[in-house]
Amino acid sequence: MQSTVETLSPTRVKLSIEVPFAELEPSLKKAYRTLAQQISIPGFRKGKVPAAVIDQRIGRGAVLSEAVQEALPEQYMAAVREHEVKTIGRPEIDVEELADGEPLKFTAEVDVRPELTLPDLGSISVEIDELQVTDEQVDEQVGSLRDRFATLKGVERAVQDGDYVTLDLHATVDGKDVEGGSATGISHEVGSGQLLPGLDEAVVGLSAGESATFSTALVGGEFAGRDADVAVTIGQVKEKELPELDDDFAGLASEFDTLDELKADLRTRLTRVKKMEQLMAARDKAIDALLEAVDVPTPESVVAEEVEHRKESMLSQLERVGADLEQYLASEEQTEEGLNAELTESATKAVRIQLLLDALADANNVEVSDDEFGQEIVHRAQQAGQAPQAYYDQLVRAGVAGAVYGDVRRGKALAQVVEGIKITDSTGAVLTVDDLRGTTAGESEAE
């Protein structure tokens, strides 16, 4: 095989490949075996049809075509390896010349990772907010914990915001029942907005046994996009009783003996969360700073694939909730052109970040150990509710195990970025990654 590479743009190359006919012989033999299994000819057992008979019945051209389709991927990859082309995306292959006994000539245009000029990480500086944990924030945490230990007590009065009620619902459109639009004995926290729009406003002021009707827009089903009349009837009305804030509550809600000890622990936990937020902010700002400092050209076809993937994911999510794109656009007061522009902008940034982190990983010789890759597989399998081996096998079958490996490698490269840049808070204090993790150099955080 002979091949040359031509640079078409910073993100695209063209490979011109010529394969001597003799090198196609293994593919030709395989093509004859494949076709022999596919055709039935009287007098010959399936799979035992001689090559001459196949040529006579379906033509030598069909055999050549089958052989070329089998040979192209291997020959293309050989050329990629020979020229050390860092491909991304799928190639566009064009067979220029195919004749019996003559060399196979074809071209392959493919997007590639651009060569980037990377800055010294020490020259990148970002500023994040100062870490502050206020008494009000601690009290809010105490309040949330107090809510978890609240009890509900039945009351004989009209519904107020914050009450818990049981209710019955019945929806109609133009007097016709809405399929799935009736329910009884539903428990609901008034003011939470977790059920139908307009429900909370309709029930405030009602007492047990009383009814009201309100209008709400339907997002799915036969009457999607239309307003339904919903009748609601109140069953029970209960109010929340909160425990007293004292040492007894601290003993009930935690392992601490006093309320002061509980608050001190909550402050420590909040501090840890705030530090993690600072670390995430530093990470995001570091990425933005690098994107400003580095010219990262984006391959159009890769961006287009990412846009398509994101749009398909959105459509699948809409379908699961019984809606479609038209309804979504109407609810967001958006046009499809505007949506496509937003998706293209976000996809372009995502591709630029991937290319940048890949370049940083290459420059710093970032490697992923088997343990690191395995831990990522276990983590993703747990999120998907699958056994790790079954999840990994699924990735391999789908051909995306390499993408997971790439994600882990880029994550390690990003961690090196955050460790290499200068981080200050809004007071001017210089912070290290160890400061934000709550560790000292060389130590791991103990939980």
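Bear in mind these aren't lab numbers, they're just calculated from the coordinates by the rules spelled out. All values derive from a computational prediction rather than experimental measurement. Note that each Cβ is placed from the backbone with ideal geometry, even for glycine, and that neighbours are counted across all protein chains shown.
Within a Cβ distance under 11 Å of Glu255, other residues only, what is the Lys/Arg minus Asp/Glu net charge? All intermediate terms of the calculation are to be shown ahead of the outcome.
Numbers: positive: none; negative: Asp257, Glu261, Asp265.
Cβ neighbours under 11 Å give a net charge of -3.
Hey, rough spin-label estimate for Asp129 and Gln38, points 7 angstrom out along Cα→Cβ, what's it come to in nanometres?
That separation, rounded to one decimal, is 6.3 nm.
If you take the beta carbon distance between Asp55 and Ala341 as r and set R0 to 41 Å, what does 1/(1 + (r/R0)^6) give as a FRET efficiency, to the nearest 0.05?
Details: r = 55 Å, r/R0 = 1.33.
E between Asp55 and Ala341, to the nearest 0.05, is 0.15.
Could you put Leu152, Leu356, Leu218 in order, starting from the residue whose Cβ has the fewest other Cβ atoms within 10 Å?
Values: Leu152 13, Leu356 23, Leu218 20.
Ascending Cβ contact count within 10 Å gives the list Leu152, Leu218, Leu356.
Label 7 Å along Cα→Cβ of Ala304; segment 94-122 residues with amide nitrogen under 16 Å?
Flagged as within label range: 94, 109-112.
Quick check: Cα centre of segment 197-217 to Cα centre of segment 101-160, how many Å?
Between the Cα centres of segment 197-217 and segment 101-160 lies a distance of 37 Å.
List the residues, sorted by chain then number, that are 5 or more residues from Gln236 or on another chain and whose placed amide H is less than 5 Å from its amide H.
Sorted by chain and number, the residues that satisfy this are Thr166.
In nm, what is the difference between 0.36 nm times the number of residues separating Asp371 and Leu329 and their Cα-Cα distance? Walk me through the numbers before you get to the answer.
On the way: separation 42, 0.36 × 42 = 15.12 nm, distance 4.43 nm.
10.7 nm is the gain from fully extending Asp371 to Leu329.
Given a Förster distance of 51 Å, report the FRET efficiency between Ser187 and Gln416 from their Cβ-Cβ distance, rounded to the nearest 0.05. Walk me through the intermediate numbers first.
Numbers: r = 50 Å, r/R0 = 0.98.
For Ser187 and Gln416, the calculated efficiency is 0.50.
Which parts of segment 387-423 would a label at Asn364 reach, counting a residue when its backbone N lies under 16 Å from a point 7 Å out along Cα-to-Cβ?
Residues passing the 16 Å test: 406-423.
Taking the number of other C-beta atoms within 10 Å as the exposure measure, put Arg45, Arg272 in order starting with the fewest.
Details: Arg45 9, Arg272 15.
The fewest-first ordering by Cβ neighbours comes to Arg45, Arg272.
Among [x] 62, 44, 34; [y] 95, 66, 42; [z] 82, 77, 54, which one is Cα extents along the principal axes in Å computed from these coordinates?
Comparing each candidate, only [y] matches the computed number.
With r defined as the distance between the Cβ atoms of Ala150 and Ala212 and R0 fixed at 25 Å, what FRET efficiency is calculated, to the nearest 0.05?
Values: r = 27 Å, r/R0 = 1.08.
Calculated transfer efficiency: 0.40.
Among Ala390, Ala150, Ala286, determine the one that fluctuates most according to a GNM of the chain built with springs between C-alpha atoms less than 10 Å apart.
It is Ala390.
Find how much the distance from Glu102 to Ala401 grows on full extension, using 0.36 nm per residue of separation minus their present alpha carbon separation; answer in nm with one decimal. Each step should come with its number before you reach the end.
Working: separation 299, 0.36 × 299 = 107.64 nm, distance 3.85 nm.
Extending this stretch completely gives an extra 103.8 nm.
Can you tell me the length gained on complete extension of the stretch Lys176 to Gln386, counting 0.36 nm per residue apart and subtracting the Cα distance? Don't skip to the answer; put the middle values down first.
Numbers: separation 210, 0.36 × 210 = 75.60 nm, distance 4.36 nm.
Gain on stretching Lys176 to Gln386: 71.2 nm.
Please give the net charge around Phe214, taking every other residue with its beta carbon less than 13 angstrom from that of Phe214, where Lys and Arg add +1 and Asp and Glu add -1. Spell out each step's value before the answer.
Numbers: positive: none; negative: Asp200, Glu201, Asp227, Asp229.
Around Phe214, the charge tally is -4.
Packing-wise, with mean Cβ within 10 Å as the measure, how do 100-106, 337-343 rank, highest first? Working shown, then result.
Values: 100-106: 14.9, 337-343: 13.0.
Order by mean packing, descending: 100-106, 337-343.
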